[in-house]
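Here the structure comes first, spelled out in structure tokens, and everything after it is commentary.
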Amino acid sequence: MDESAYMGYDNAWRNVGWELRAALSAVLIIGAIWAAGWFVNRPWPPLLRWSLALVAGFLACFVDMGGGFEIGPCFPGLIAIVFVIVGADLWRELRQTGRAEKRTLMALALVLLAGAMLARMSLRARINHFGFIQAAFAGMVATAAIVSKVPRWTGNGIWGRRVTVAGIMALLAVGCVSVAAESARNHAGQTQPVGIGVDRFYAFAPELDETGLLVNWSAEHMRSVPPGATLLVLPEGVMINYLSRHQRPMPEFVSDEEAYIKELGQSRPDYVIVIWGDQRDGGNSQFGDPGHEGEKIVKWLQENYVMEDTHRGHSKWAFIFRRKPA
């Protein structure tokens, strides 16, 4: 897997701009909701207060925050802002009383944990990725901070706080419905069966993503192979090992081809499956091609293994190599 693409370092400036725009959009929406409550709490004529509040709420509806799975890029910026807010609370408590409240220390710990979990995809934050809990935790921390802090900043008036809370709840409801709707659309496209018996699950249909078909085809082929045979899937694909019940004799490929080839020569797996195509979440889409990662490994396999079978799709291919007899 290309770690730089996974983290967003492959196009750092573009991704930084993307996340900054997303964070700015989130701040503008939250700021408009806060402004609505703040206007209501001003000691102004009622008509003026409520008119300004309606204008602020109306403007919030026109800020594009992404929605659905595109909400992720705003998380790093929001977590950074929450960190500053919690840090300011901690500093104030230390200056006033000489000690920190337990709730402030807990909030700081949660913010740091959320930031640490986002660091693995720092310049390409998203929620549709392997390990969904990473982004979900940042979303939870940001939401908790918004709900607990923003209404207080509107002033002491109860109606302003209620307006802000209602706006925040509406924002969260729209976001949750948007994510749920996109999840439902994605789930509707998962019609490709993978595995058999208790292992069966459903992946995207081949016209959407050929991964499921490719994994199922590879696992079906390997089920006819004696269970004692070892199997290595490159550049990644341990699910095929699991579904076919064949042990992987060595770790998946990382980056040092010379060292990996040496380890291949020592382990000599009975079968090697090479996956070519879009790996979706930062994977190497041209593994083994001339001039690309894996070129030397594939060449070594062609010299020491026999091509037993292949599945050639539109965007993804699978090549099954069997070790030559000694």
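The values are calculated or read from the model by the stated rules, or taken from the named source; none is laboratory data. Computed from a prediction, not measured in an experiment: that's the story for all the values here. Using ideal geometry, Cβ is built from the backbone for each residue, glycine included, and neighbour counts are taken over all protein chains shown.
Odds and ends about this structure:
- Count of the range 122-170 residues, restricted to those that are under 17 Å from the mean Cα position of the chain (by Cα) and either assigned to a helix (DSSP H, G or I) or not assigned by TED's automatic domain parsing to the domain that holds Asp10 (or both), is 10.
- Looking across the range 59-80, the residues that are in a helix (DSSP H, G or I) and crowded, with 17+ Cβ neighbours inside 10 Å come down to Ala60, Gly68, Glu70, Ile71, Gly72, Pro73, Cys74, Phe75, Pro76, Gly77, Leu78, Ile79.
- The range 158-199, residues that are among the small types (Gly, Ala, Ser) and under 24 Å from Val215 (Cα atoms): Ser183, Ala184, Ala188, Gly189, Gly195, Gly197
Every residue, every condition in (1) among the polar types (S, T, N, Q); (2) in a strand (DSSP E or B); (3) at positive phi; (4) crowded, with 18+ Cβ neighbours inside 10 Å, yes or no:
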{"position": "Ala205", "(1), (2), (3), (4)": "no, no, no, no"}
{"position": "Leu208", "(1), (2), (3), (4)": "no, no, no, no"}
{"position": "Leu213", "(1), (2), (3), (4)": "no, no, no, yes"}
{"position": "Met222", "(1), (2), (3), (4)": "no, no, no, yes"}
{"position": "Val233", "(1), (2), (3), (4)": "no, yes, no, yes"}
{"position": "Phe253", "(1), (2), (3), (4)": "no, no, no, yes"}
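- Hey, Val86 modelled with pLDDT of 95 or more and within 30 Å of Asn11 (Cβ to Cβ) or not: no
- Selected residue (criterion: nearest to Trp217 (Cα to Cα)) from residues of the range 288-319 that are among the hydrophobic types (A, V, I, L, M, F, W, C), out of contact with any Lys or Arg (no Cβ under 6 Å at 6 or more places or on another chain) and not in a helix (DSSP H, G or I): Ala318
- Verdict on Pro269 being over 29 Å from Met7 (Cβ atoms), in the same structural domain as Ser244 (by TED's automatic domain parsing) and either at pLDDT 90 or above or not in a helix (DSSP H, G or I) (or both): yes
- Taking the criterion of being aromatic (Phe, Trp, Tyr) and under 30 Å from Asn15 (Cα atoms), the residues of the range 40-71 that qualify are Phe58, Phe62, Phe69.
- Qualifying residue in the range 171-181 (condition: modelled with pLDDT of 95 or more, touching a helix residue (DSSP H, G or I) at 6+ places or on another chain (Cβ under 8 Å) and either of a type in the set (S, T, N, Q) or outside the structural domain of Ala53 (by TED's automatic domain parsing) (or both)): no
- Val111 passes every criterion in (1) surrounded by 15 or more Cβ atoms within 10 Å (Cβ to Cβ); (2) within 30 Å of Asn11 (Cβ to Cβ); (3) touching a residue at least 40 places away in the same chain (Cβ under 8 Å) apart from (3).
- Residue match in the range 188-199 (condition: charged (D, E, K, R) and exposed (fewer than 12 other Cβ atoms within 10 Å of the Cβ)): no
- From Leu47, Leu52, residue being surrounded by fewer than 16 Cβ atoms within 10 Å (Cβ to Cβ) and either at pLDDT 95 or above or not assigned by TED's automatic domain parsing to the domain that holds Pro151 (or both): Leu47
- Boolean, Val194 is within 20 Å of the chain's Cα centre (by Cα) and modelled with pLDDT of 95 or more: no
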